[in-house]
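A.B. asks: Questions regarding the structure given below will be posed in turn.
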Amino acid sequence: MATNALSGTSLSMRSLTSQTQAFTSLSGQRSGLISSFGRKNVSFNSQPRQIRLQISCAAKADTVDKVCEIVKKQLAVAEGETVTAESTFQKLGADSLDTVEIVMALEEAFGIAIEEESAQTITTVQQAADLIEDIIDKKSS
């Protein structure tokens, strides 16, 4: 069993096997070296870094809107009910046949062909829109 934990600039490592037992702990500002009875050495460099996360959707808003409209039509969604990018086909009441019909309608509307393997992975409007954009991008390049 081996466990490692890194918090800030502190590292602790514990290694327990049938032949050796070792516990090494090290804290430092920039870098360090860990030795476990001289058998294995691990070096690391810990510098403060700012982490910036960015989430972007591949599909354009127009594509998502068009997919929403097609899904609403195929599933006969009531007027007051909203279909968004996060909507899942299952929560909208689609069964496997409905999903096949949605895929066929999407293929017709966008002039594309969706492989069966890819079609089986679609569970949300956003996934469908992203897949359509990917296929259109590949088709145009």
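The values are calculated or read from the model by the stated rules, or taken from the named source; none is laboratory data. Small disclaimer: the values here were computed from a predicted structure and weren't measured. Here the Cβ positions follow ideal geometry from the backbone for every residue, glycine too, while neighbour counts run over all protein chains shown. Each accessible area value is taken on the protein alone, full model and side chains, heavy atoms only, with ligands, DNA and RNA left out. Shrake-Rupley method; radii C 1.70, N 1.55, O 1.52, S 1.80 Å.
A.B. asks: Within region 105-126, how many residues turn out to be without any contact (Cβ under 8 Å) to a residue 24 or more places away in the chain and of a type in the set (A, V, I, L, M, F, W, C)? It would help to see each step written out before you state the result.
C.D. replies: So the first thing to find is which residues in region 105-126 are without any contact (Cβ under 8 Å) to a residue 24 or more places away in the chain, and the list is 107-108, 111, 113-121.
Now narrow it down to the ones that are of a type in the set (A, V, I, L, M, F, W, C): 113-114, 119.
Number of matching residues: 3.
A.B. asks: Restricting to region 89-117, count the residues that are over 13 Å from VAL64 (Cα atoms) and open to solvent by less than 40 Å² (accessible area, probe 1.4 Å).
C.D. replies: Residues meeting the conditions: 10.
A.B. asks: Here's a follow-up. If I filter region 51-59 for residues that are surrounded by fewer than 11 Cβ atoms within 10 Å (Cβ to Cβ) and at pLDDT 95 or above, do I get at least one hit? Talk me through it step by step, then tell me what you get.
C.D. replies: Keep residues of region 51-59 that are surrounded by fewer than 11 Cβ atoms within 10 Å (Cβ to Cβ), which gives 51-56.
Pick out the ones that are also at pLDDT 95 or above and you get none.
No; the residues of region 51-59 include none that is surrounded by fewer than 11 Cβ atoms within 10 Å (Cβ to Cβ) and at pLDDT 95 or above.
A.B. asks: Buried (at least 17 other Cβ atoms within 10 Å of the Cβ) and either aliphatic (A, V, I, L, M) or touching a residue at least 12 places away in the same chain (Cβ under 8 Å) (or both): which single residue out of ALA129, ALA76 fits that description?
C.D. replies: Numbers: ALA76 fails: buried (at least 17 other Cβ atoms within 10 Å of the Cβ).
None of the other options fit; the residue is ALA129.
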